[in-house]
1. How large is the helix-only mean residue ellipticity at 222 nm for the chain, computed as the sum of -39500 (n - 2.57) over DSSP H runs with n ≥ 4, divided by its residue count, in deg cm²/dmol to the nearest 500?
2. Consider all pairwise Cα distances in region 226-343 and report the whole-number % of them above 22 Å.
3. Stretch residue 269-residue 61 to full length: gain in nm at 0.36 nm per residue minus the Cα-Cα span?
4. Modelling each spin label as a point 7 Å along the Cα-to-Cβ direction, I'd like the residue 54/residue 127 distance in nm, to one decimal.
5. How big is the antiparallel share of DSSP beta bridges in the chain, given as a percent to the nearest 5?
6. Kindly provide the pair-distance distribution of region 164-271 built from C-alpha pairs, with 5 Å bins from 0 and whole-percent values in order of increasing distance.
7. Would you kindly state how much longer the chain becomes between residue 237 and residue 206 on full extension, computed as 0.36 nm times their sequence separation minus their alpha carbon distance, in nm to one decimal?
8. Ratio of region 168-217's C-alpha Rg to 2.2 N^0.38 Å, to two decimals?
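Rule-based calculations on the coordinates, nothing more; no lab input. Model, not experiment: these values are computed from the prediction. Heads up, the Cβs are rebuilt from the backbone with ideal geometry, glycines too, and the neighbour counts pull from every protein chain shown.
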Ligand code: SAJ
């Protein structure tokens with residue numbers, strides 16, 4: 001019942017199926033059964049969740065039960081290790097497959113939605129089910145259908161995005177496609193399980209490499225006296241160019257981790273992917289460098305960081321660049337506070353937090369921060385210093401603050 005499993009369960013229940021949502025976290029199960037959501041700020045999720053939970057077309061519990069179709073949507077984090085040795089931790093996938101095995105009956109369909117290295121559906125899920133005595137592709141049908149929904153717009157994307165379905169044989173693929181067609185409105189493409197697994201990793205890796213390019217261009221623009229955001233926007237007017245935006249780093253649970261699943265296939269054949277990871281992981285250090293440059297000219301003792309979420313308009317701190325920056329800056333400040341309107345514990349009164357501070361650092365481009373009035377903020381702060389790491393603060397800020405902007409050089 002995580003970021004993907006829960007919204008997916010709601011959509012499937014909303015389409016008229018009877019769904020059992022399983023989570024081994026007692027607290028999550030308790031929360032959902034009391035009508036409270038553990039996932040915040042997803043448009044349309046709350047309403048649909050309330051409806052299907054109330055009607056009991058979605059029931060949430062800690063243990064699986066018998067069903068026709070089993071969907072596995074568990075985390076696949078990177079196992080700790082040095083940069084080259086990072087590998088996918090597939091223990092949750094294996095455990096989920098083992099947990100459903102006692103409830104399987106001949107003719108059931110098992111689908112893996114988690115993002116995994118090529119071969120996992122067959123070699124991890126398939127093997128676990130074989131060990132339970134089933135013939136895969138005959139007794140039990142098996143497919144992977146990698147999720148591709150964008151956090152922040154998950155309900156829309158789970159419904160309308162293209163879907164890749166990789167069956168381990170033709171019948172498995174066909175059965176999985178027929179099932180997804182009952183609730184997905186986008187086109188559905190059939191391929192092998194390995195191809196679907198690899199295509200999903202390619203998508204997130206493409207984005208990581210593209211952001212690394214944007215970040216490298218931002219560093220060069222700072223040196224060349226150019227505004228990289230403006231230059232990228234202009235370059236993107238070309239019909240065959242689409243460079244993403246620079247920022248303080250790549251967070252979240254997907255783009256910052258999935259490239260390692262490809263690198264893990266053969267580190268010696270993936271220098272570009274490794275370099276992209278290195279560039280993006282170094283961006284919080286670059287923010288620290290900008291801070292130290294500012295500190296050379298001003299007395300900075302008290303700092304506010306705006307944004308604990310890894311990206312705009314979501315309440316999710318996984319691999320958050322803002323929190324990495326906070327961790328690094330801590331030793332250089334007397335007081336450092338982090339604000340985020342979407343995360344409990346960080347959602348204090350913003351104007352109060354700004355009082356008597358020397359520097360505000362915009363780490364996450366939440367629309368919420370558009371409301372912040374630079375004149376009012378400046379009047380509250382001790383030093384009128386701002387650092388913008390997302391190309392977010394408009395030129396009106398320069399009338400009231402000295403603003404340092406990541407990716408923007410002075411000519
Ligand atoms: N970021 C930038 N510059 C940009 C875009 C993003 O610095 O121009 C940063 C964000 O601030 C954030 C990180 O990259 O820290 C990742 O954000 P994201 O919006 O690019 O991606 P996720 O991790 O929220 O979701 C991605 C999506 N994948 C693609 O767009 C190819 C989503 O569709 C996937 O379903 C999701 O990963 C996943 O679960 O794999």
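1. Helix contribution divided over all residues of the chain: -11000 deg cm²/dmol.
2. On the way: 3383 of 6903 pairs.
Value for region 226-343 (Cα pairs over 22 Å): 49 percent.
3. 70.5 nm
4. 4.7 nm
5. Values: 5 of 40 bridges.
DSSP beta bridges in the chain are roughly 10 percent antiparallel.
6. With 5 Å bins starting at 0, P(r) equals 2, 10, 14, 15, 13, 15, 12, 9, 5, 3, 1, 0.
7. Between residue 237 and residue 206, full extension yields an extra 9.2 nm.
8. Rounded to two decimals, the normalised Rg is 1.59.
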